[in-house]
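What follows is calculated from the coordinates using simple rules that are stated; it is not laboratory data. Computed from a predicted structure; not experimentally measured. All Cβ positions, glycine included, derive from the backbone under ideal geometry; neighbour counts span all protein chains shown.
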Amino acid sequence: MSYQIIQVRDNNMSETKQKILIVDDEPQNVLLMNEILSFHPEYECRGAMSGLEALASLKIYFPEIIFVL
């Protein structure tokens, strides 16, 4: 299975990195998604190993996208 990331840029978007939170209870899946997205320097990724950890991280990290695997 392959994934393709398509990014649409709005003229009003700043050049800051787009934040992504990856949530899964299997560390291998979080690492794999992080590795896939590392080829796109416009993204900043963080991982969470549970729903509770993801909710806690949302207090200080504000992602544009949350992947729940």
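Worth a mention:
- Neighbour-limited loop hits for trypsin sites (Lys or Arg not before Pro), segment 13-55 (at most 13 other Cβ within 10 Å; DSSP other than H, G, I, E, B): 17
- Annotation for segment 24-65: chymotrypsin sites (Phe, Trp or Tyr not before Pro) lying in DSSP loop with at most 14 further Cβ atoms inside 10 Å of their Cβ are 39, 61.
- Each Lys or Arg adds one and each Asp or Glu takes one away; over the other residues whose Cβ falls under 15 Å from the Cβ of residue 48, this sums to -2.
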